[in-house]
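**Q** Below you'll find the structure I mean.
The values are calculated or read from the model by the stated rules, or taken from the named source; none is laboratory data. As the structure is a prediction and not an experimental result, all values here were calculated from the model. Every residue, glycine as well, gets a Cβ built from its backbone with ideal geometry; the counts of neighbours run over all protein chains shown.
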Amino acid sequence: MGKLWLICIASISILLPFLCNAFSPETPTDRRVLVLLDDFAIMSSHSLYFNALKSRGFDLEFKLADDPKIALQRYGQYLYDALILFCPSVERFGGSIDVAAIVNFVDSGHDLIVAADVNASDLIREVGTECGVDFDEDPSAMVIDHIGYAVSGTEGDHTLIASDDFIKSDVILGGKKIEAPILFRGIGHAVSPANSLVLKVLSASPSAYSANPKSKLSTPPPLTGSAISLVSIVQARNNARLLITGSLSMFSNRFFRSGVQKAGSQTKHEKSGNEQFLTEISKWIFHERGHLKAVNVKHHRVGETDEPALYRINDELEYAVEIYEWSGTSWEPYVANDVQLQFYMMSPYVLKTLSSDKKGLYSTSFKVPDVYGVFQFKVEHQKLGYTSLSLSKQIPVRPYRHNEYERFIPAAYPYYGAAFSMMAGFFIFSFAHLYSK
Amino acid sequence: MARRLAGFLVLLLVVSICEAAFLFQPISDSHRSAALELFTPDHGSFKSLEETYEALRTFQILGIEKKPDLTATACRSISETVGSSSSTAKDLFYALKANSIAECKIDKKASKGIISRLNASVSGASSLLDFYYSVGGLVLIKDQSSEADVHLADAEGVFRSVKAFSQSDGRWRYSSNNPESSAFAAGIALETLAGIVSLASSEIDQSLISTLKNDIIKLFDSIEKYDDGALYFDDKLVDGHEYQGPLSTTSSVLRGLTAFAAVTAENLNLPGDKMLGLAKFFLGICVPGDAKDFFNQIDSLACLESNRVSIPLILSFPSTVLSLTRKDSLKVGVSTVLGSEVPSLTVKLVGAFSSGSKDASLVESQELNFDKASGLYILNGLPKSIDVGSYTFVFEVVLHEPEHEEVYFMGSQTKVPISVTGLIKVENSEIAVLDSDLGSIESQKKLDLAGKNAISLSANHLQKLRLSFQLTTPHGRSFKPHQAFLKLRHESKVEHIFVVGNSGKQFEIVLNFLGLVEKFFYLSGKYDMELTIGDAAMENSLLVAIGHIELDLPEAPEKAPRPPPQPVDPYSRYGPKAEITHIFRAPEKRPPQELSLAFLGLTILPLLGFLIGLLRLGVNLKNFPTKPVPATFAVLFHVGIGAVLLLYVFFWVKLDLFQTLKLLGFLGVFLVFVGHRILSHLAAASAKLKSA
């Protein structure tokens, strides 16, 4: 018996690492992150960022990007929930990792953080392209801003940018306003306008441009103004979340601790906004914010509690769903006023905003349309920064049965009257005909 | 190889993140605050004595006031380790190291016991680390208590057995059965050997010391170099679990070197620039985020500050961006790596070169004045020949006392990139629409690029737009900014950017719309114009909206390129949709109820007429059977008919078709039976009557 237990425990402990999966509403915790570095010195120079992640319970595993033993999956199971690429100069990943493996990793719902930098390798650019952003092709180009630069006593080339053009979304950047500008030095990228999944989180100012600061410009730079994205995020259709930035140094301890004063502004901030910005955005990336789940979808006729198998046209019905948001430790009620329900057959027949009780319960009631067929209850909730919620439930709607129509229509009384008077006449006539002499 | 190269590149990157390349700052307050953050004991004490020592040593070097409780808890764990008989040489070593700073009391009996135990472990040692801990422990005891008589009986023998681990390239092995050698081990070995020399009761053979000297020089031959002059040691065995990384390795070598230089009387003949290179390496990593790295950095810098080989001096610059407008003066600080004072010296500006050009120096050699209050060397006022732009200044440091040259090392010349900024004058800016064929000016307008402009122009595709302005530096020279863009933005957000070219001071751009029609996607309409002029040396970089131009371009031919799609505003992409409510079919229109009832009344009228007609005809019931049996049948027959008719009424009121048909079936059979009886009776009666 004891032996059996030992085998059990041993097999569980062997299997345990392989049981880890992407973020799922069922097992949202226990997340392992693989961090690929060009050099272990980054562990020390960027330790504040890593420590912030560790203190939130992430299990970081640091590896050199060209370590021949690294792998994302073994025996078809992913070993990690997320991947951080802090290796801008890697030409070829070690082990079994390549761009296709990273794309597959994301396609199976895992999260990814990519930091490129000046002289980023083609490999990292390719990863960026797969994620939907295009880094400036000139290898020595940097984002330069002669108006929005950070004042510094030692850096005179205006490549250290103080940017404060954030996306307006509390769910991505947290509820607390980021007061200090973000220090950024690196390459810019452009977001394809056709790609609706990529969002610019931090954009450059209108006066910025991307060019090599050391050479004269003869042709217009490919990226200028606020079209340059400094930090972008992607939320894939499978809710995998990605962060792409052209600066590795913005994660560094030095930028985290450094004070910042934007050129032309008198306020000098003690600390740059980098720490708050990157920590908040990592909460979003790792699904500690903005991940929704919907449970307890219920619908029934008004005044009843059981869910019917089908509805009749013109029935009054009630629909309710509970929506919760993951807060990193628990599921909290999701509060919003724009969750909408569609009653759908080929196109929505009814589209109604659900009312919320602020405790996660959303409900509404409406009258079934007088069209019969197979309908769907659809909740398609898409909101900036939140995972998309897509619920659908099929429900048939039937017409009236023959005996469900109105029985005594006053307008038809003359017809009834005629028939009954005819019948009375016949009754009397039967006497008159048979017995009259 | 690829990995080493990658590592090299990134470390370089990290170095360049720290400071603009080629500039190093001595240790400052940011290190002190970082030290307090990094060395925070959890629950009052550190995890191990090694960490306690590292924290105490870092605080000591940085001059941070130790918290008394930190020392007290350290003392408690030191005396525990020292008192326990089971603690290993390593534990004892770190306990004594921590004690060298904490200065706790260790009772004599315990220290005697330690001495004998450490002596025993020296004689029983078989690996480099065994020797390191036990010899190190003995040296620490000797330093801490003057009374204890600590010496190695067979110092030369121990020296030889440690020396046996050395390799021909100056690296060392950890033990005789481990073939891998490393620079990290070399540092440990040097420290151990220095300990042995100081513990030796008699002189060590000079030939041993001189072979060791050669080893050190060989070790320094394998030193590696970054672009900015920083030197470091790194071990080639990346896969070995003893691999320490360049910082620990370099730190270990430096510690060993300092210890060895301190005990030997000989000059090690290491060139000063090697020490300067090491100093640059340690200063280049800025503030490490890891406690171990931090300790290694600070401890190594302390070694560099106090070593007997040569003490590197660092030139530091409070600011390398100088503004002509504010009349900034160039300030230079000279200090040791930890930022302490240096002997009297002179800082000279030897030359200044415009970066990118290899012309002769722009300034004559001159000395900088020393300012006692700030401790900085100041160049009052920039030379007239220095205009805005970026330059490389070359400095030279000369020590006043010749004997200091033995101790300190500065490097011959230090090159520093300096950027000079100033206000650029923007003049004669104007914008005009020209007729293409003649070049005659159709409409010309002055621009005020410093203020607001709201110019409105109109042009067709046969005309040209000309924008011109002049830029001059504060010293009246022509200035070419890095960024001089004219941006035209159509109402549909399609943007076109043009670089404004120059000839001397005059900047001019002519847009010939005829040639640009295709580029503009044949989009007529209002174009907003925006001019951006910016440069790193320009303090008044500007981004001004000039106004707009109304372009009248020809219709697009069929094959013309379409404008690229413009990004959709992410805020409008989401958000609630408009509500939809189903429009129900309107109920049929019905006549008013009164009308229906009136017609109901009308339908009764024929029945009344029928009844009146029957009465008029004089209908009677004389034929009704008189005999009881036929009379019963007659009654039943009519009751049956009545029941059928009543069933029809019920069918209307509540019954459905199936119930009705069922009942009608029974009633029908009954009616056929009784009907047949009464009708046949009536037929028989009437036949009788006829025949009669």
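**Q** Go through (1) in contact with a helix residue (DSSP H, G or I) (Cβ under 6 Å, 6 or more places away or on another chain); (2) in the same structural domain as B:LYS331 (by the TED database); (3) farther than 23 Å from B:PHE370 by Cβ for B:HIS461 and report which single condition fails.
**A** Among (1) in contact with a helix residue (DSSP H, G or I) (Cβ under 6 Å, 6 or more places away or on another chain); (2) in the same structural domain as B:LYS331 (by the TED database); (3) farther than 23 Å from B:PHE370 by Cβ, the lone unmet condition for B:HIS461 is (2).
**Q** Working only within region A:197-211, note down all residues that are at the interface with chain B (Cβ under 10 Å from one of its Cβ atoms) and closer than 7 Å to A:GLY225 by Cα.
**A** Once the filter is applied, which keeps residues that are at the interface with chain B (Cβ under 10 Å from one of its Cβ atoms) and closer than 7 Å to A:GLY225 by Cα, region A:197-211 yields A:SER205, A:PRO206, A:SER207, A:ALA208, A:TYR209.
**Q** Condition (residue is among the aromatic types (Phe, Trp, Tyr) and over 24 Å from B:GLY289 (Cα atoms)) applied to region A:266-286: is it met by at least one residue? First the steps, then the outcome.
**A** The initial filter retains those residues of region A:266-286 that are among the aromatic types (Phe, Trp, Tyr), namely A:277, A:284, A:286.
Still in the running and over 24 Å from B:GLY289 (Cα atoms): A:284.
Yes, there is a match, as at least one residue in region A:266-286 is among the aromatic types (Phe, Trp, Tyr) and over 24 Å from B:GLY289 (Cα atoms).
**Q** Out of all the residues in region B:408-423, is one or more under 30 Å from B:THR336 (Cβ atoms), among the hydroxyl-bearing types (Ser, Thr, Tyr) and touching a Gly at 6+ places or on another chain (Cβ under 9 Å)?
**A** Applying the first criterion (under 30 Å from B:THR336 (Cβ atoms)) to region B:408-423 yields B:408-420.
Next, from what is left, pick out any that are among the hydroxyl-bearing types (Ser, Thr, Tyr): B:408, B:412, B:414, B:419.
From what is left, the residues that are touching a Gly at 6+ places or on another chain (Cβ under 9 Å) are B:408, B:419.
Checked region B:408-423: at least one residue is under 30 Å from B:THR336 (Cβ atoms), among the hydroxyl-bearing types (Ser, Thr, Tyr) and touching a Gly at 6+ places or on another chain (Cβ under 9 Å).
**Q** Looking only at strands (runs of 3 or more DSSP E) that lie completely in region B:422-541, which have at least 1 residues being more than 14 Å from chain A (Cβ to nearest Cβ) and among the aromatic types (Phe, Trp, Tyr)?
**A** B:463-472, B:525-534
**Q** Condition first: closer than 23 Å to B:ILE583 by Cβ, of a type in the set (S, T, N, Q), surrounded by fewer than 18 Cβ atoms within 10 Å (Cβ to Cβ) and out of contact with any Gly (no Cβ under 6 Å at 6 or more places or on another chain). Can you find one or more residues in region A:385-398 that meet it?
**A** So far as region A:385-398 goes, no, none of its residues is closer than 23 Å to B:ILE583 by Cβ, of a type in the set (S, T, N, Q), surrounded by fewer than 18 Cβ atoms within 10 Å (Cβ to Cβ) and out of contact with any Gly (no Cβ under 6 Å at 6 or more places or on another chain).
**Q** Got at least one residue in region A:70-79 being hydrophobic (A, V, I, L, M, F, W, C), out of contact with any strand residue (DSSP E or B) (no Cβ under 9 Å at 6 or more places or on another chain) and either part of a loop (DSSP other than H, G, I, E, B) or closer than 30 Å to A:ALA180 by Cβ (or both)?
**A** So far as region A:70-79 goes, yes, one or more of its residues are hydrophobic (A, V, I, L, M, F, W, C), out of contact with any strand residue (DSSP E or B) (no Cβ under 9 Å at 6 or more places or on another chain) and either part of a loop (DSSP other than H, G, I, E, B) or closer than 30 Å to A:ALA180 by Cβ (or both).
**Q** Next question, about the same structure. Determine, yes or no, whether B:PHE633 is free of Cβ contacts under 8 Å to residues at least 60 places away in the same chain and more than 17 Å from A:PHE429 (Cβ to Cβ).
**A** Taking the combined requirement at face value, the residue satisfies it.
**Q** Of the residues in region B:464-494, how many are over 36 Å from the mean Cα position of the chain (by Cα) and either assigned by the TED database to the domain that holds B:LEU382 or of a type in the set (Val, Ile, Thr) (or both)?
**A** Here the count works out to 2.
**Q** Tell me, yes or no, whether region B:583-594 has at least one residue that is farther than 30 Å from B:LYS487 by Cβ and touching an Asp or Glu at 6+ places or on another chain (Cβ under 9 Å). Let's see the steps before the verdict.
**A** Let us first name the residues in region B:583-594 that are farther than 30 Å from B:LYS487 by Cβ, namely B:583-594.
If we keep only those that are touching an Asp or Glu at 6+ places or on another chain (Cβ under 9 Å) too, we end up with B:584-585.
Within region B:583-594 (the criterion being farther than 30 Å from B:LYS487 by Cβ and touching an Asp or Glu at 6+ places or on another chain (Cβ under 9 Å)), the answer is yes, since at least one residue qualifies.
For (1) of a type in the set (Ser, Thr, Tyr); (2) modelled with pLDDT under 90, each residue gets a yes or a no:
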{"position": "A:HIS189", "(1), (2)": "no, no"}
{"position": "A:LEU199", "(1), (2)": "no, no"}
{"position": "A:SER207", "(1), (2)": "yes, no"}
{"position": "A:SER210", "(1), (2)": "yes, no"}
{"position": "A:PRO222", "(1), (2)": "no, yes"}
{"position": "A:ILE233", "(1), (2)": "no, no"}
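**Q** Among what's in region B:542-570 and is within 14 Å of chain A (Cβ to nearest Cβ) and charged (D, E, K, R), pick the residue that is farthest from A:SER196 (Cα to Cα).
**A** B:ARG562
**Q** Only one residue in B:LEU636, B:LEU663 is closer than 25 Å to B:ALA684 by Cβ and more than 9 Å from chain A (Cβ to nearest Cβ), so which one is that?
**A** On the way: B:LEU663 fails: closer than 25 Å to B:ALA684 by Cβ.
Answer to the check: B:LEU636.
**Q** In this structure, is B:LEU663 buried (at least 16 other Cβ atoms within 10 Å of the Cβ), without any contact (Cβ under 8 Å) to a residue 24 or more places away in the chain and more than 16 Å from A:PHE429 (Cα to Cα)?
**A** Spelling it out, B:LEU663 is indeed buried (at least 16 other Cβ atoms within 10 Å of the Cβ), without any contact (Cβ under 8 Å) to a residue 24 or more places away in the chain and more than 16 Å from A:PHE429 (Cα to Cα).
**Q** Assess whether B:ASP149 counts as being over 23 Å from B:ALA55 (Cα atoms) and among the acidic types (Asp, Glu). Write out each step before concluding.
**A** On the way: over 23 Å from B:ALA55 (Cα atoms): yes; among the acidic types (Asp, Glu): yes.
Answer is yes for this residue.
**Q** Oh, and also: From B:PHE393, B:PHE409, which residue is outside the structural domain of B:PRO474 (by the TED database) and more than 30 Å from A:LYS214 (Cα to Cα)?
**A** Among B:PHE393, B:PHE409, only B:PHE409 is outside the structural domain of B:PRO474 (by the TED database) and more than 30 Å from A:LYS214 (Cα to Cα).
**Q** I'd like to verify a number: residues in region A:367-384 that are more than 16 Å from A:ILE323 (Cα to Cα) and surrounded by 13 or more Cβ atoms within 10 Å (Cβ to Cβ), how many?
**A** 10
**Q** Sticking with this one: From the list B:VAL398, B:VAL416, pick out the single residue that is outside any loop (DSSP other than H, G, I, E, B) and surrounded by 14 or more Cβ atoms within 10 Å (Cβ to Cβ).
**A** Working: B:VAL398 fails: surrounded by 14 or more Cβ atoms within 10 Å (Cβ to Cβ).
The unique qualifying residue is B:VAL416.
**Q** Take the residues in region B:217-240 that are buried (at least 22 other Cβ atoms within 10 Å of the Cβ) and of a type in the set (A, V, I, L, M, F, W, C); name whichever of them is nearest to B:PHE131 (Cα to Cα).
**A** Residue satisfying both the conditions and the ranking: B:LEU219.
**Q** Specify the residue that is farthest from B:GLY339 (Cα to Cα); the eligible residues are those in region B:371-395 that are surrounded by 15 or more Cβ atoms within 10 Å (Cβ to Cβ), without any contact (Cβ under 8 Å) to a residue 60 or more places away in the chain and out of contact with any Leu (no Cβ under 8 Å at 6 or more places or on another chain). Walk me through how you get there before you give the answer.
**A** In the first step, residues of region B:371-395 are kept if they are surrounded by 15 or more Cβ atoms within 10 Å (Cβ to Cβ); the result is B:376-379, B:382, B:386-395.
Now narrow it down to the ones that are without any contact (Cβ under 8 Å) to a residue 60 or more places away in the chain: B:376-379, B:386, B:391-392, B:394.
Adding the requirement that they be out of contact with any Leu (no Cβ under 8 Å at 6 or more places or on another chain) leaves B:376, B:392.
On the way: B:LEU376: 12, B:THR392: 24 Å.
Filtering region B:371-395 for residues that are surrounded by 15 or more Cβ atoms within 10 Å (Cβ to Cβ), without any contact (Cβ under 8 Å) to a residue 60 or more places away in the chain and out of contact with any Leu (no Cβ under 8 Å at 6 or more places or on another chain), the one farthest from B:GLY339 (Cα to Cα) comes out as B:THR392.
**Q** Filtering region B:580-600 down to residues that are within 18 Å of A:ASP370 (Cα to Cα), facing chain A (nearest Cβ under 7 Å) and of a type outside the set (A, V, I, L, M), which residue is farthest from the chain's Cα centre (by Cα)?
**A** Quick first cut of region B:580-600, residues within 18 Å of A:ASP370 (Cα to Cα) only: B:580-589.
Narrowing further to those that are facing chain A (nearest Cβ under 7 Å): B:580-582, B:584-585.
Next cut, of a type outside the set (A, V, I, L, M) only: B:581-582, B:584-585.
On the way: B:THR581: 48, B:HIS582: 51, B:PHE584: 57, B:ARG585: 60 Å.
For region B:580-600, the residue satisfying everything is B:ARG585.
**Q** Ok, one more. Would you mind stating whether B:SER100 is out of contact with any strand residue (DSSP E or B) (no Cβ under 6 Å at 6 or more places or on another chain), farther than 28 Å from B:ALA164 by Cα and not in a loop (DSSP other than H, G, I, E, B)?
**A** yes
**Q** Return the only residue of B:THR336, B:THR346 being surrounded by 19 or more Cβ atoms within 10 Å (Cβ to Cβ) and farther than 19 Å from B:PRO474 by Cβ.
**A** B:THR336
**Q** Continuing with the same structure: Anything in region B:546-593 that is part of a loop (DSSP other than H, G, I, E, B), touching a residue at least 60 places away in the same chain (Cβ under 8 Å) and on the phi > 0 side of the Ramachandran plot? List them, or say none.
**A** none
**Q** Moving on. Every residue in region A:386-400 that is over 30 Å from A:ARG241 (Cβ atoms) and touching a residue at least 40 places away in the same chain (Cβ under 8 Å), please.
**A** A:ILE395, A:PRO396, A:VAL397, A:ARG398, A:PRO399, A:TYR400
**Q** Inside region B:622-660, can you point out the residues that are surrounded by fewer than 12 Cβ atoms within 10 Å (Cβ to Cβ) and within 19 Å of A:HIS433 (Cβ to Cβ)?
**A** B:LYS622, B:THR626
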